[in-house]
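Here is the structure we will look at, set down as structure tokens.
The values are calculated or read from the model by the stated rules, or taken from the named source; none is laboratory data. None of these values were measured; they are calculated from a predicted model. Heads up, the Cβs are rebuilt from the backbone with ideal geometry, glycines too, and the neighbour counts pull from every protein chain shown. Note: accessible area is taken over every heavy atom of the protein model, side chains too, but ligands, DNA and RNA are not part of it. Shrake-Rupley method; radii C 1.70, N 1.55, O 1.52, S 1.80 Å.
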Amino acid sequence: QVNDPIFRPVVASYIHSPEKQIAYIEMAEASGLKLLKDTERNCMQSSTFGTGELISDALERGVTEIILGIGGSATNDGGMGMANALGYSFLDADGKELKPIGRNLIAVKKVDASKVHPKIRDVEVKVACDVSNPFYGEHGAAKIYAVQKGASQEEIEMLDKGLRNFAKTINGQYQIDIQKIKGAGAA
């Protein structure tokens, strides 16, 4: 049992190969559009937290590799929810922890990794994706995908600014330029 995109309990599954120590996880099982009615689509309030819970479960089972399929998501949180479920906290300028939803991307000023799942560093994660969108901008996650996830034009602009802020925070703290990673704006 994990959280769906709007934090309701849902039973989600994935494939676990104990012999190969691989987990095959489909993001849509926990964070997908298929879990929401059309009237519930709101990527300002939705989260990938449930996907992170699936990953955490796989880590507890001792996998060393995760194949993560990322199509069909109902979210535009930059992976903040998934990371939060794995122990990362996202803080605003006052050091207050933010709920890991799209609306809060704009407020992230620091990442706290002090409670990260200890097994995450021992696993290789491969992402299965069929698009190459950048994280933000005209071809980024918000401007290309947010409308199908329930965002208005005003919300799309806010999400894009949030993704820019989130990327700046990650780059400043970890020296990782998300915008340069091909497909970072997928799902």
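Side notes on the structure shown:
- Residue in region 30-45 that is among the β-branched types (Val, Ile, Thr) and open to solvent by less than 40 Å² (accessible area, probe 1.4 Å) present: no
- Number of the condition not met by Ala12 [criteria: (1) surrounded by fewer than 16 Cβ atoms within 10 Å (Cβ to Cβ); (2) farther than 22 Å from Ala184 by Cα]: (1)
- Qualifying residue in region 101-111 (condition: open to solvent by 50 Å² or more (accessible area, probe 1.4 Å), under 18 Å from Ala128 (Cα atoms) and out of contact with any Leu (no Cβ under 8 Å at 6 or more places or on another chain)): no
- The set of residues in region 140-154 being part of a loop (DSSP other than H, G, I, E, B) and either free of Cβ contacts under 8 Å to residues at least 24 places away in the same chain or more than 17 Å from Phe166 (Cβ to Cβ) (or both) consists of Gly150, Ser152.
- Verdict on Tyr136 being of a type in the set (Phe, Trp, Tyr), surrounded by 14 or more Cβ atoms within 10 Å (Cβ to Cβ) and over 17 Å from Ser47 (Cβ atoms): yes
- You will find that of Ala74, Ala58, Ala93, the residue that is open to solvent by less than 30 Å² (accessible area, probe 1.4 Å) and either over 12 Å from the mean Cα position of the chain (by Cα) or over 23 Å from Asp160 (Cβ atoms) (or both) is Ala58 and no other.
- Listed here are the strands (runs of 3 or more DSSP E) enclosed by region 1-86 that have at least 2 residues being in contact with a Ser or Thr (Cβ under 7 Å, 6 or more places away or on another chain) and among the β-branched types (Val, Ile, Thr), and there are none.
- Filter result for Lys119 (over 17 Å from the mean Cα position of the chain (by Cα) and either farther than 26 Å from Ala93 by Cβ or at pLDDT 95 or above (or both)): yes
- Pairs where the first residue, in region 92-121, is at negative phi and the second is open to solvent by 90 Å² or more (accessible area, probe 1.4 Å) and modelled with pLDDT of 95 or more, C-beta under 6 Å, 6+ apart: Asp92/Lys109; Ala93/Lys109; Ile106/Lys161
- Exclusive hit being more than 16 Å from the chain's Cα centre (by Cα) and aliphatic (A, V, I, L, M), set Ala151, Ala146: Ala151
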